[in-house]
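Beneath this line is the structure, given in structure tokens, with notes to follow.
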Amino acid sequence: MATIITEECINCGACEPECPNTAIFQGGVEFDLGGVKQAAISEELFFIVPEKCTECVGFFDYEACAAVCPVDCCVTDPDRPESEEVLVERAKELHPETDFGDSPPSRFNPAPVPVVEADVGGGAAAAAGGMQVVAAPVVVAGGRVEKPVVRPTRAPKGGDVALTLNTELDTPFDAVLGHVKRRTPSGTSRVVGLLLLALSPGLGALPHKTKSAIEDAYGDSRFFSSQLATVLNIIQNFILYPVLFIGAALMSGSFTMFTEGDRGAITIGLFLAIAETMWRVRDGVFGFKPATQMKYGGSLYGAPLGIILNPLVARFVRGRQSGWIPFDGFYDRVFESKREREKRYGEVYNVAEFEHGYYIRMELPREIPPSAAKEELGFGDEMPDYDLRLAVDANAVIVSGSVADIELRKICGVSPSFPADFKVEIELSGRAGGFQYRYEDKLLEIAILKEGV
């Protein structure tokens, strides 16, 4: 009989990596059988392909999936009886490179449990009244054949990003994105912009997230941006901190102003400003990230300032920002495992619509999913870049991805939620004009101008 997974399955996935025949798949995943794509047997639960199941005959003297199942839902199928001979032949067909020998491990012939007689000396025998003493049975573990752990020996080949239409703009990505987010100036917006520009040295002390929210809400980086506000705040702190230390020293009466004594206070203030600056721009200094990808941290007084200004900032952001469309709510670390799976289908992205265009941000997977085939082929955990194809037509953006490495594609059909190819069509509310993209660190960003802009 082939093994089946019943409706009691809780989709824990414990069975899939244990199968020596890679016969177990996650619900809804297509599989390859004899070079032909087959539809999933179950859309909701893990399932076992009967044509690939040998009930672990040839590998173990028990069914590996049933041994690890926490709810005992891996059982033999009473409607599909199969003899040991049939299962051995199937194992040989599935693994032609393996020599199974004359008596391969089989659940039909489990390993015997030997009974060991005690070696009792004459004195002990006499003490026992001349009777033979038999020791307690020694239980021997079943004959599971452990698969050797194969250390990663090769890095998979990565892919490239290619364009299929000629609507890509020659303008750099950041310039296109800035134009997309820029609002049409009005009398009121100019006044707000000038006010933000004047307050930038102080607002630059706020945490990066708050500054980014203000930047997106106003939408014109000429008047306010996280980068500009942070730079102005850093310059301000190089003056502010020495002044504060000098003031504290004067109040304590430790020295008189404009004497040699004020050098120490100035030095401490400058050292603090330098140390704070290095920490705030550490993404660029230590992480070597470009300025557009950096997170500009807040100053020492940024957190308390944020608490004071939070009601005003929240009102400004709520009143001005719109158009964000999150998909499936993948924003909590609790869903990281599910998030990785959805990334492999190209489904983790969000779209922002602005007055002049659209901004799409799509995350691609970072990890190769665990499977027995992954270990056997010697792959590590890091997912290579896909071969990406990007097309923008009148009312939609089409993103297609393909696993570039031929060896890695072999495990796509046997690993849970790991398609070799995906295609996503993202509809736009209006007609698209030119576009530009950026792909870095498994993040695809697309800036699209509306037609006529």
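Coordinate-derived values only; no laboratory data. Note that this is a predicted model, so its numbers are computed, not measured. All Cβ positions, glycine included, derive from the backbone under ideal geometry; neighbour counts span all protein chains shown.
Candidate cross-link partners of residue 295 among the lysines, defined by an alpha-carbon separation under 17 Å and a same-chain spacing of 8 or more, comprise 209, 211. The label point for residue 250 and the one for residue 285, both projected 7 Å from the Cα toward the Cβ, are 2.9 nm apart. The alpha-carbon of residue 374 sits under 19 angstrom from the alpha-carbons of these lysines, leaving out residues fewer than 8 places away in its chain: 52, 147, 157, 343, 410. Highest-first packing order for the peptide set 97-107, 231-241 is 231-241, 97-107, based on the mean count of other beta carbon atoms within 10 Å.
Highest mean packing first, where packing is the average number of other Cβ atoms within 10 Å per residue, the peptides 398-411, 56-69 line up as 56-69, 398-411.
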